[in-house]
Every structure is written in C-alpha cells, then in structure tokens.
C-alpha cells in the first residue's frame, strides 16, 4: 500500500494497492466514512509481475508520475512510466531502455528513489545495485547517468537483494541488502561516488525474516536531522539501518510490530484504513485528506465461560466431531480429585465438592487419527516397514469456577493457557540414545517409543512467559555431533500470522510464498507461508478437513515432524513428512511482546540430509475461556488488572449478578456474541 495522494484534487485521499486481489496495481479513493472506490487499475499484458512502484515529478508540473518496476518482462523493458490524465494513468508509449546487455536478464527485487534519482536491486545476472536519474522531456522519458555498484560481501551469496536510499548530513547513500538465513549482509555506498564502498558489514536479524522490499524507506526516527533506513520484515519487525562516524548501526525500530506493513492481498477496507491511521500516528504519513479518524474507534470484546455451582455435574464431550477417530487423551495439568476421562463416551466427568470452591484449571490434549502412512527404514536384520498414524491434535484449556450456592462470587480475569509444541517422529533414533534438555521453567519435553518409532518433542505454555520477555530451550542428543548437519528453521509470528521455513545449507535458493486466504477466502485464517530452500514443485492445494497442502509426494518417508502454535481462537498446526538423517537437536526461542503476542523460533538439526516430501497445515478450534470468579482464590502470580488486554482473547468485566434467593444458581449466558478479529485495529488484536 502506498499513499496518500489527491491526484483528482477533490479533497479525498487516494492510495495505491500493489498486488491486491482485484488487480496487480490499483488506485483507490477513500471517502469520509472510509469506504473505498477504485478509480484506476492496471494489469501487465505480458504476464510480468509488478515488484515495486515509486512516485516522482519528472517534468516539474507538480503532479507526480508513476514509475513501475516489473519482473519477467522483456530484459530491456522492466521499467515503465505512467502519467496522470485527469481520471487515471496512461502508460507512456516510449520505452525506457535500461542499457543492459542483450544476454542479461534483469530481475529487480525493489525500487528506491530520492527526487529524480532511482536505485534498483538486481538479483540476476549480478547481485548488484543500479543507480540512474530519470526525467520527462517533452513527453519522452530520459534515463541517464546509469551506474552499477557491486561489492564482494553482497555479490557472493544467495537469494534476492534489496536497495534503499537515505541521507546523512545532506549526503545521499544507497544501501544494498542481502538477507541470508539469520544474517543481513549490507553494503553502503555514496550516490556521489559509487566506485567506493563507504561501509559494509554482516548484521544479525534476530529471527526477523522476509524483507518487504517495496516498504523499505528513509525515516528520521529520532528526529536528530539524520535519516535511517527503515527495513520492514514480513514477521512484523522493523529495523532501522543507520550510518555514523563509527560505522553502521542496526537496531529494532520503535515502529516495530505495530502492523504498519505486510498487508495480505485479501485485506479488507477496515484493515487497510487502520493501517493508514497507524502510519499517520507513527509519523510516516500526513493525515489523510478524506478519512475521518473518529469513525474507527477501538472496541473490546467479551469472552465468557460457564460456572459450576455446588451440586452441578460436569459432563464434557471432548471430540470435536463424532465422526472422527479417537486416538489418545492426555491431561496437560493435574485434574482435581474425582475428575476422570471416560474413554468409552469420550467425556470428561466430574462432580465438584466444597473443597473445590474457587477456580479449577482444566487442560488436556486430544489426538484424533486422520490416516496412516507407511514409514520405511533399516535395522540390523534388513528393511523395516511400519504403519505410522497421522494425527491431528486438539488443545483445550479452560478455567472453571466452582461457585458457592450461598455466597455469590466476585468477577476477575485470568490469562488463558496457550500451548506451543514441536515434535519429531522417526525410526532413526537409537533406543540407547538419550536426549538432554537445557531450558527454562515454561518448557517441558517428551520422549516416547511406539513400536520402534521414537518421538521427541518440546512443549510450552506461552501464558507462563511474561510480556516483553523470552524463553529459550535446547533438547539435544547425547550422541556425538554429526560431521554434516542440515538445519530446518521454523519461525511463526503469531501477531501477523506469518510462517517462515528455511533449510541451511540450502540446495536451492528459490524463495516461495503461499497465501491461502488470498487464494480462497474460506481459508482466510491460515498463515501466510514463506519457504526458502524447499523443493521447487511446491504448490497450494486444499485437503479434506479444512486443511491445505503445499507439497505432496508418494516417496518413502523416514520421519515426520509437527509444530503447533496458538492463534486467536484456534490452533495452527503444520506437519512435514521427510526423508533424511536422524534428528540431533531441537532448539528454539519464544518471545512475548508488550501487546501480549508471541513469536516462536525453532531450529531442528538433522544428520547429513533432510528432504521434505509432504507439507500440510490445518486449523483446529480451541477453547480459551478467560472469565473467572472468586478473586480471593486466585494466586497473586495469576492475577491481572481490570484493564487486562489479551492478544488472543480480549476481555471485559461482567457486572456481578446477585441472585434473589441464596439457593438460586447464578445464570451465565450460554453464548456471547463475538467481534471478529478482522474488525479490530491491528494493534488491538
């Protein structure tokens, strides 16, 4: 999204949408109520992809022209110029020749500009930055003063490169950026002397992944008169790259994780408007001309759970659907005395007694069988084959009040449990091997042998990690470290719902992305997925059971892994079947931000090789009730104030209901209407 503008001079703001659902490029006008109306759209006729757009007044008529960078177009025609015609934009018929050799195939990743000076990142045929000036003379675009900059640090690498322009002490600089795994290679050179590299360095990205090239921009964040280069990531972070006398600085911006960038193609009007207002509040935009900020008020949602009174009976059916095949049930927290799971009826049954007055935490994990897969391997007797069940996990965590029929309880809010799990199942782990755990209190581990298939895993209750903190763990094999290791990295940013996976070292540097919500609106709750180093034959497809497939194969598998994380009112799970070496360690980090949202980073080391065969993702509903009563019975460590805001389950207080007769139970409604997360501003979800 780019904005805001007023090309038609009607005192209504306009924005450009890049790669939305309607068209690759769209000019949209906003009325006073925030409704959108499309004024103009453009789709390349040659099937090329628009990677970035910039705006500059090239003919000094005080109306900016639209400059479009495209990929997979003709090798000497990747840059186009559009002029405002009063109602929309007209493409200039004169081609802008880039000056590339005939044998070159330029693949720009993004475009940067400062006045009439432009810089473009060229990932192929060379990993370099091109800088040129652009003007419009008597209707003819003139491109001149073209220079290329390459530096060994960034030229030797893999994946796309990006550029950005910023100024320090009145001098213009271009930064060439090469993200590779968890590091960012940076080369900065002056626009006045491109032959000299001013600074180059290797910076650590701390789990940030997937640079949003079109959103890279200059910004004076600390108001000291010197610009920094804002680098937004799809995982929600925004880093500020600065240039000082002592070298480069690379710090996380105060604008980070505010939902300013990274809108999905299917983003609606409310989500776009909230993003515009957030950019205005952050100082990135001037106030939009036609947008009334008072029409977008913060809202708060009420989530309610039932209350058990003395004399009531709990009879809770746990299967999500009576048609699924039950596989296993496991308590996640110690149940109160007398509570039991009935495997024949698939119910949790309990009659509370006076000793149970107050709050009771009920947490359990349920697995249902989806299908079976053949897992092959070898032992000292020869080939082995084992039927391995493919399971789907359901979590349920609730806090139940046991109320007295005589004394009405006082309301209080309790933060709900939220579980994050990683597990690997394979026959390649030796029974004599022992995995040792190095971690903190919120984490727990499992190691199970089922008919020769050993499963190792780590789980954590994210609610136990305090805000603005993080927790780390390492579950490592006692066997000697292999000579050759391949690492699978999995990052899930739960606030932006971005899932990133990469393999290192990578056999293929191709970056692939999938957006199920943009592909099918019924899948809007799924993450936006980014993969690096994975097989090139990946493709998005839906599967039975409200899931998606991104890779499928009939090849023999040697193991499978799963990762499950909590979203708003459901769990996201991904299952990967693979053929490869034995797992050596599972390590990771979970960080909790100030707004209560989480980001999980997981790395799994495999010996010698790891080839993904199938990848599926699914969403499962989960109960996370947040309203409890009887404040005196709540430990101080679990108490939250009445202004409690939970990223996953925003809550507000209920008024106390006093029964007319002491023996009359308190009536709690069976259901309360819920406001969808999409209707909330980004920074309130």
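Points worth noting:
- Qualifying residue in the range 114-122 (condition: surrounded by fewer than 21 Cβ atoms within 10 Å (Cβ to Cβ), outside any loop (DSSP other than H, G, I, E, B) and over 25 Å from the mean Cα position of the chain (by Cα)): yes
- Being out of contact with any strand residue (DSSP E or B) (no Cβ under 8 Å at 6 or more places or on another chain) and closer than 25 Å to residue 566 by Cβ is a description that does not apply to residue 347.
- Selection status of residue 185, farther than 19 Å from residue 53 by Cα, in contact with a helix residue (DSSP H, G or I) (Cβ under 9 Å, 6 or more places away or on another chain) and without any contact (Cβ under 8 Å) to a residue 40 or more places away in the chain: yes
- Residue within the range 274-294 that is under 28 Å from residue 23 (Cβ atoms), modelled with pLDDT of 90 or more, surrounded by 22 or more Cβ atoms within 10 Å (Cβ to Cβ) and outside the structural domain of residue 523 (by TED's automatic domain parsing) present: no
- In a residue-by-residue description of the range 433-444, the property of being assigned to a strand (DSSP E or B), under 17 Å from residue 333 (Cα atoms) and modelled with pLDDT of 75 or more applies to at least one position.
- Cβ separations smaller than 6 Å between residues 6+ apart or across chains give the following pairs from the range 434-462 residues that are under 14 Å from residue 583 (Cα atoms) to residues that are in a loop (DSSP other than H, G, I, E, B): 434/478; 453/427; 454/429.
- Taken over the range 7-39, residues that are more than 17 Å from residue 82 (Cβ to Cβ) and surrounded by fewer than 20 Cβ atoms within 10 Å (Cβ to Cβ) amount to 12.
- Residue match in the range 507-528 (condition: surrounded by 22 or more Cβ atoms within 10 Å (Cβ to Cβ), in a loop (DSSP other than H, G, I, E, B) and over 15 Å from the mean Cα position of the chain (by Cα)): no
- For the range 429-440, taking the residues that are surrounded by fewer than 18 Cβ atoms within 10 Å (Cβ to Cβ) and in contact with a strand residue (DSSP E or B) (Cβ under 8 Å, 6 or more places away or on another chain), the one that is farthest from residue 462 (Cα to Cα) is identified as 431.
- Extreme residue, nearest to residue 514 (Cα to Cα), among residues of the range 249-261 that are buried (at least 18 other Cβ atoms within 10 Å of the Cβ) and at pLDDT 85 or above: 261
- Residue in the range 570-587 that is under 20 Å from the mean Cα position of the chain (by Cα), touching a residue at least 60 places away in the same chain (Cβ under 8 Å) and under 21 Å from residue 256 (Cβ atoms) present: no
- Residue 20 fulfils the conditions (1) outside any strand (DSSP E or B); (2) in contact with a helix residue (DSSP H, G or I) (Cβ under 6 Å, 6 or more places away or on another chain) except for a single criterion, (2).
- Condition broken by residue 328, with the remaining ones in (1) part of a strand (DSSP E or B); (2) more than 23 Å from residue 417 (Cβ to Cβ); (3) modelled with pLDDT of 85 or more satisfied: (2)
- Residue match in the range 537-547 (condition: part of a strand (DSSP E or B), in contact (Cβ under 8 Å) with a residue 60 or more places away in the chain and in contact with a strand residue (DSSP E or B) (Cβ under 6 Å, 6 or more places away or on another chain)): yes
- Any hit, the range 343-364, residues being exposed (fewer than 12 other Cβ atoms within 10 Å of the Cβ), at pLDDT 85 or above and either within 35 Å of the chain's Cα centre (by Cα) or farther than 26 Å from residue 576 by Cα (or both): yes
- Per-region count, the range 479-495, residues crowded, with 23+ Cβ neighbours inside 10 Å and not in a strand (DSSP E or B): 1
The values are calculated or read from the model by the stated rules, or taken from the named source; none is laboratory data. Here the structure is a predicted model, which means the values were calculated and not measured. Every residue, glycine as well, gets a Cβ built from its backbone with ideal geometry; the counts of neighbours run over all protein chains shown.
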